[in-house]
Amino acid sequence: MEHHYGERIPMQRYFSAVRNMEQTVMFPSLLQGVSLEDQDDPAGVNSGMERSCDRDLYHYYTLLKSVKSTVESGLPPLNDKSLRSKEEEEEAKEKTDLEGLVRYHISGLYHVLAQLTSRANTVTSRYNEILGQINQNGISFRW
């Protein structure tokens, strides 16, 4: 595991990328119908996520904002009884290897944060491309 100061870096990168996306994307509706192109993912960071061609950039914009909000506020407690029994089973498993479970979940979290950070950066750059195309075509907005 990384040094304890480095553990926050993936979370900081994610929040920074989403904050940048939120500050850049002034008209989220421009993202509707625009597909996320996998060519923006040369390292294969997004290979484990759902097929990006099934979703548009607006979907990712709202997803990324929602995940950020959830991470900032925390998850609500679960009240489903069927989930409680699974939780109890997990608690028994956790007692056997807490350190291994922590490493496993932190590793998974870092992987997901890397994917989400990449998506936020892609949404931001594609939005800037859309604005550039609008400016080239001389389209102006009247309010």
If I filter the stretch 28-38 for residues that are in a helix (DSSP H, G or I), open to solvent by 80 Å² or more (accessible area, probe 1.4 Å) and modelled with pLDDT of 55 or more, do I get at least one hit? no
For M49: the one exception among (1) within 14 Å of N121 (Cα to Cα); (2) at pLDDT below 55; (3) of a type in the set (A, V, I, L, M, F, W, C): (1)
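The values are calculated or read from the model by the stated rules, or taken from the named source; none is laboratory data. Worth saying up front: this structure is predicted, and the values here are computed from it rather than measured. Accessible surface is based on the protein model in full, side chains and every heavy atom, while ligands, DNA and RNA are left aside. Shrake-Rupley method; radii C 1.70, N 1.55, O 1.52, S 1.80 Å.
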